[in-house]
Amino acid sequence: EEMELEVISDTEICGRKKTVYWAFDQYINFYAKFSKPFTYTMVTDSMVLDEGGPLLPTAKVLLHFNTKAGEEVYVKVGISAVDIDGARKNVEAEIPEWDFNGVRKAARASWNDYLAKIDIDTDDKDQKTMFYTALYHTGVQPNLFTDVDGRYLGMDLKAHQGSVNEPMYTIFSLWDTYRNVHQLLTLVYPERQIDMVRTMLDMYREHGWLPKWELYGRETLTMEGDPSIPVIVDTW
């Protein structure tokens, strides 16, 4: 894998990484902004995963903050598969302020809106906890792959200008989800499911194949069959 780190200012760092394991040529970029200036130590070293294996480059930055007892330091981190500029724009658009409680409140409201699509009637608290925990898990993945400016990394490894209103999704572990998760999404969250089906068709156009087990914009080719097909047909 390849890793790069850069200290942009005394409150900002960024970096990019290419992973070459399960899904080959997998790219991720990040941008982080801190609420307090730091000094830093950069470490660029190498490590061996397996005995006799190749040396893998690693990159780390150790940040030092001059803090008082009980002082809090905040950090905002954004990611993008396209580039570091996309990661920075995502942070600036989604978390403009240093309002930790405001972010937490917004996240709670957003998840509550998702979970409130289904009401269950039971006095059994454990049943209620299990049900809504399971429903929460259906909203974690597949997750959004489109940056706030509408760009996304295609399966052809090129940046595409898409639309924020018709977002792309990623993490399609379809042999896990084609039996029940997508049917639930079709019934309860149809707009989200339509976006996912459109994503699968765009992946086919970029790549020549419908996704089998797509992971952050790359195909792992894991498991047998073509699990996209029953998902698309069932949605139709």
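The values are calculated or read from the model by the stated rules, or taken from the named source; none is laboratory data. Computed from a predicted structure; not experimentally measured. Every residue, glycine among them, receives a Cβ derived from its backbone with ideal geometry; neighbour counts consider all protein chains shown. Ligands, DNA and RNA are excluded from the accessible area calculation, which covers all protein heavy atoms including side chains. Shrake-Rupley method; radii C 1.70, N 1.55, O 1.52, S 1.80 Å.
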**Item:** Stretch gain in nm, segment Glu12-Ile229, where the contour uses 0.36 nm per residue and the Cα spacing is subtracted
**Value:** 73.7 nm
**Request:** Of the listed pairs Lys36/Lys128; Lys68/Lys125; Lys18/Lys212, which have alpha-carbon separations greater than 32 Å here?
**Result:** Lys36/Lys128; Lys68/Lys125
**Complete:** Most fluctuating of Glu12, Glu214, Glu72 in the GNM of the chain (C-alpha, under 10 Å) is Glu72
**Item:** Zone of Leu62's modelled label, taken as backbone nitrogen in the stretch 12-56 under 17 Å from a point 7 Å along Cα→Cβ
**Value:** 38-47
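Just by accessible area at a 1.4 angstrom probe, what is the order of Thr199, Thr39 from largest to smallest?
Thr39, Thr199
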**Cα gyration tensor category, rounded, prolate or oblate, for the chain with a/c compared to 1.5** = oblate
**Request:** Would you mind getting me the FRET efficiency between Gln183 and Trp209? Use the beta-carbon distance for r and R0 = 22 Å, nearest 0.05.
**Result:** 0.45
**Nearest-0.05 FRET efficiency for Lys125 and Asp176, computed from C-beta distance (R0 35 Å)** = 0.80
**Asked** According to the square roots a ≥ b ≥ c of the eigenvalues of the Cα gyration tensor, what is the shape class of the stretch 153-197, taking rounded for a/c under 1.5, prolate for a/b larger than b/c otherwise, and oblate for the remainder?
**Response** oblate
**Fill in**
Under a Gaussian network model of the chain whose springs join Cα atoms within less than 10 Å, the largest fluctuation of Arg104, Arg151, Arg179 belongs to Arg104
**Request:** Let me know the shape class of the stretch 97-236, please: from the alpha-carbon gyration tensor, a ≥ b ≥ c as square roots of the eigenvalues, rounded when a/c is under 1.5, otherwise prolate if a/b is greater than b/c, or oblate.
**Result:** oblate
**Whole-angstrom Cα spans of the stretch 1-73 along principal axes, big to small** = 45, 24, 20
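Whenever you get a sec, line up Trp236, Trp209, Trp175, Trp22 from highest to lowest accessible area (probe 1.4 Å, protein heavy atoms).
The residues order as Trp236, Trp209, Trp22, Trp175, largest area first.
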**Prompt:** Per-residue ellipticity at 222 nm for the chain, helices alone: DSSP H runs ≥ 4 residues times -39500 (n - 2.57), over residue total, nearest 500 deg cm²/dmol?
**Reply:** -10000 deg cm²/dmol
